[in-house]
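Report on one structure; see the data block that follows.
Just so it is clear, none of the values below were taken in a lab; they were calculated from the coordinates. Here the structure is a predicted model, which is why all the values come from computation and not from measurement. As a convention, Cβ positions derive from the backbone with ideal geometry for all residues, glycine included, and neighbour counts pool all protein chains shown.
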Amino acid sequence: MTTTPTPAPLINGRDLLRDNGLPVEGPILWGRPVTGSAPGVFIVELPAPQPKVSIDPDAIREWLGLAPGLRLDGKRPTVGELQTRLASFWLPSQAIVFIGSSQKSVGARLAGMYKTPLGERRPQPTGYWLKTLRDINKARIWWAPASDPELYEDTLLEAFIKAAGALPYGVLVRPGGQGRDHGLTAPLHDDEAVARAKVRKVTQLADANEEEMAASMYRSGARPPVRVKKTTPRKVAKLPPATTGPSAIETVVIRKSTRTINTGGAPIAPIHLTADGLAALHFELDELTNRRRPEVIQRIKSARELGDLSENADYEAARKEQSFLEGRVQQLEQMIKYAVMIEASHEGGSEVVLGSTVVIETDRHGEETFTIVGSAEADAAAGKISFTSPIGRALLGRHPGETIRVQVPSGSLDYKVVRVK
């Protein structure tokens with residue numbers, strides 16, 4: 001005898017807010033201005049549950065056109081394939097399709113969501129799956145002011161998950177920060193550049209001009225359209241697998257001045273790193289995402305189970321740690337995205353360039369050894385100085401036997417370049 005599973009109870013947006021002690025405002029139809037100017041949480045729900053999701057194929061088609069880098073399980077999907085994948089996350093017994101929050105203004109957050117075309121990042125991409133629904137204009141919004149919007153957003157989501165067994169359709173991140181496993185990559189039109197982000201191998205040439213720099217930076221896999229002199233590559237340490245995007249090697253030509261590259265849009269400041277420095281970033285990112293993040297999520301979950309969150313010190317500490325952790329993860333991902341791996345080329349160690357180890361001599365301190373690195377990797381205690389520091393800038397381009405004068409806080413010092421490794 002086959003038993004029919006009991007359907008999950010219907011969860012009402014207004015009751016969900018009230019059950020968690022929040023003052024309810026609304027409802028108002030999707031697309032209309034929300035008067036809530038304070039921080040708070042909001043819920044988007046349809047008039048009634050829909051046993052079968054109605055996804056607009058025209059919206060999907062426009063989305064695919066706007067986001068050429070979008071991939072489903074690593075492949076470019078058809079309209080039908082993307083519809084099918086999205087439909088697999090539909091909850092036929094529930095009317096709530098989204099739960100969100102804003103630290104500044106619920107009204108401003110929703111206004112940004114309304115204005116953002118499907119596939120665009122600005123002004124607000126939150127809840128972009130909602131734009132795929134044919135009947136989204138029939139949805140209504142409930143909202144409530146809250147002193148800690150993220151806390152209440154997580155609380156509402158956990159209550160929904162406990163009752164319905166899954167996230168609402170338009171929510172792509174679980175409480176605690178874990179992303180939904182949907183198989184989509186580069187869903188927004190400017191994500192294509194992120195998906196193509198590479199670890200870049202740098203050859204420094206004195207005669208590289210701005211056009212050569214821009215062309216070499218943005219022609220993935222293409223040789224720079226200039227004549228370059230042959231160089232003898234240094235042995236590069238083997239890197240661990242990248243945790244964010246491909247790790248293919250692309251050759252980039254930069255000037256010794258290491259000026260910011262201007263490609264006609266916003267200037268991009270490369271993050272110059274040695275192979276060891278880049279490997280350390282990958283290691284730290286892996287440590288944070290695969291070990292620390294699950295630990296913090298579990299601590300938050302355990303603290304929630306103790307009851308009242310308003311006076312729960314363990315919960316507050318775990319949330320603060322989570323906020324710091326996620327901020328560091330984003331920082332590491334950006335650094336890896338714009339990483340330029342130093343592979344300094346010099347003839348027999350005759351010139352100081354980015355990546356060189358230099359032995360210098362001063363009357364005050366005797367011999368000292370410095371390695372010229374990018375600012376992200378600088379560590380004075382370990383003898384690694386940034387090429388943007390006064391000493392680093394003064395040393396670039398120098399040869400053994402030269403003496404340079406450097407202004408330091410205590411006055412000026414004369415440095416003699418003894419040898420270059």
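Where in the stretch 267-305 are there GluC sites (Glu not before Pro) that are in a DSSP coil and have at most 10 other Cβ atoms within 10 angstrom of their Cβ?
Details: sites: E284, E287, E295, E305; in loops: E305.
Filter output for the stretch 267-305: E305.
Run the paramagnetic zone check for R134: 7 angstrom along Cα to Cβ, then residues of the stretch 31-59 with backbone nitrogen under 19 Å.
46-59
Sort 361-368, 319-326, 182-189 by packing, meaning the average of other beta carbons within 10 Å per residue, with the highest value first.
182-189, 319-326, 361-368
Expressed as a rounded percentage, what relative contact order does the stretch 357-420 have, with Cα pairs under 8 Å and six or more residues apart? Intermediate results must be reported in sequence, preceding the final value.
Working: 115 pairs, mean separation 21.0, N = 64.
The normalised contact order for the stretch 357-420 reaches 33 percent.
Step by step: find N for the stretch 13-185, compute 2.2 N^0.38 Å, then divide the Cα radius of gyration by it. What's the final number? Don't skip to the end; give the middle numbers.
On the way: Rg = 15.5 Å, N = 173, 2.2 N^0.38 = 15.6 Å.
Working it through for the stretch 13-185, the quotient is 1.00.
Rg/Rh for the stretch 350-402: what does it come to with C-alpha atoms and Rh from Kirkwood?
Numbers: Rg = 10.4 Å, Rh = 11.1 Å.
When Rh is taken as the Kirkwood radius, the ratio is 0.94.
If you place +1 on the Cβ of every Lys and Arg, -1 on the Cβ of every Asp and Glu, and leave all else neutral, what size is the dipole of the stretch 357-420 about its Cα centre, to the nearest 20 Debye?
Numbers: 7 positive and 8 negative charges, 33 e Å.
I would put it at about 160 debye.
Once each part is reduced to its C-alpha centroid, what is the distance from the stretch 14-69 to the stretch 81-100 in angstrom?
12 Å
Which of the trypsin sites (Lys or Arg not before Pro) found in the stretch 1-87 are loop residues per DSSP with 10 or fewer other Cβ atoms within 10 Å of their Cβ?
Listed in order of number, the matching sites are K52.
What order do you get for 288-294, 155-161 when each peptide is scored by the mean count of other beta carbon atoms within 10 Å, highest first? Display every interim value, and only then the final one.
Numbers: 288-294: 14.6, 155-161: 20.1.
Output ranking for 288-294, 155-161: 155-161, 288-294.
Can you put W129, W143 in order of Cβ neighbours within 10 angstrom, beginning with the fewest? List each step's numbers first, then the result.
Values: W129 22, W143 30.
Sorted ascending by nearby Cβ count, the order is W129, W143.
If each residue of separation counts as 0.36 nm, what is the full-extension length gain between E284 and S323 once their alpha-carbon separation is subtracted?
12.4 nm
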